[in-house]
1. What are the residues in region 1-34 that are closer than 14 Å to THR118 by Cα, open to solvent by less than 40 Å² (accessible area, probe 1.4 Å) and either without any contact (Cβ under 8 Å) to a residue 12 or more places away in the chain or touching a Gly at 6+ places or on another chain (Cβ under 9 Å) (or both), if any?
2. Return the pairs, sorted by first residue and then second, in which the second residue is of a type in the set (D, E, K, R) and open to solvent by less than 50 Å² (accessible area, probe 1.4 Å), the first residue lies in region 60-89 and is closer than 18 Å to THR106 by Cβ, the beta carbons are less than 6 Å apart, and the residues are 6+ apart or on different chains.
3. Which of the residues spanning region 35-50 are in a strand (DSSP E or B), surrounded by fewer than 24 Cβ atoms within 10 Å (Cβ to Cβ) and touching a Ser or Thr at 6+ places or on another chain (Cβ under 7 Å)?
4. What residue, of VAL104, VAL79, VAL64, is part of a loop (DSSP other than H, G, I, E, B) and touching an Asp or Glu at 6+ places or on another chain (Cβ under 9 Å)?
5. For MET53, only one of the following conditions fails: (1) under 15 Å from SER21 (Cβ atoms); (2) more than 10 Å from the chain's Cα centre (by Cα); (3) surrounded by 16 or more Cβ atoms within 10 Å (Cβ to Cβ). What is its number?
6. Would you tally the residues in region 19-38 being at pLDDT 95 or above and over 17 Å from TYR60 (Cβ atoms)?
Amino acid sequence: QVQLVESGGGLVQAGDSLRLSCAASGRTFSSNAMGWFRQAPGQEREFVAWISMGGTITYYADSVKGRFTISRDNAKNTVYLRMNSLKPEDTAAYYCAAGTRRTVATHSALYDFWGQGTQVTVSS
């Protein structure tokens, strides 16, 4: 069992940066690959980024590639999402998720545990 708690969201202006954090409980954090997803009102949940169990491999959605960076600190049981050059279209609730697949997972059904989400709003 893994419990996830996101933090770091807020209201920012276009071009600003934010860093989201996702703190995990449980001793199995390093045995889980982690993903970030986002969901805007009236839209489906969308894959954002994925990081392998050891943190050496990452994968991004085309819409955030070059602007967002996913990282993790297994000693702190935390995964991060650094978001630079934010755009109004990045506005959404952001969720972290944990799963045991060892390969890149972009579909939400491939994850076992989810956080409650943190809101990011980017004004133009």
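1. Initially, region 1-34 is screened for residues closer than 14 Å to THR118 by Cα, giving 4-12, 18-23.
Within this subset, residues satisfying the condition of being open to solvent by less than 40 Å² (accessible area, probe 1.4 Å) are 4, 6, 8-10, 12, 18, 20-22.
LEU4, GLU6, GLY9, LEU18, LEU20, SER21, CYS22 - these are the residues of region 1-34 that are closer than 14 Å to THR118 by Cα, open to solvent by less than 40 Å² (accessible area, probe 1.4 Å) and either without any contact (Cβ under 8 Å) to a residue 12 or more places away in the chain or touching a Gly at 6+ places or on another chain (Cβ under 9 Å) (or both).
2. From residues that are closer than 18 Å to THR106 by Cβ, the pairs are VAL79/ARG72.
3. Answer for region 35-50, where residues must be in a strand (DSSP E or B), surrounded by fewer than 24 Cβ atoms within 10 Å (Cβ to Cβ) and touching a Ser or Thr at 6+ places or on another chain (Cβ under 7 Å): just PHE47.
4. Values: VAL104 fails: touching an Asp or Glu at 6+ places or on another chain (Cβ under 9 Å); VAL79 fails: part of a loop (DSSP other than H, G, I, E, B).
On inspection, the qualifying residue turns out to be VAL64.
5. It fails just one condition, (1).
6. As a first pass, look at region 19-38 and keep what is at pLDDT 95 or above: 19-24, 33-38.
Okay, now just the ones that are also over 17 Å from TYR60 (Cβ atoms), so 21, 23-24.
The total comes to 3.
The values are calculated or read from the model by the stated rules, or taken from the named source; none is laboratory data. Since we're looking at a predicted model, the values are computed, not measured. No Cβ is skipped: glycine too gets one built from the backbone with ideal geometry, and neighbour counts run over all protein chains shown. Areas reflect the complete protein model, heavy atoms only, side chains present, ligands, DNA and RNA absent. Shrake-Rupley method; radii C 1.70, N 1.55, O 1.52, S 1.80 Å.
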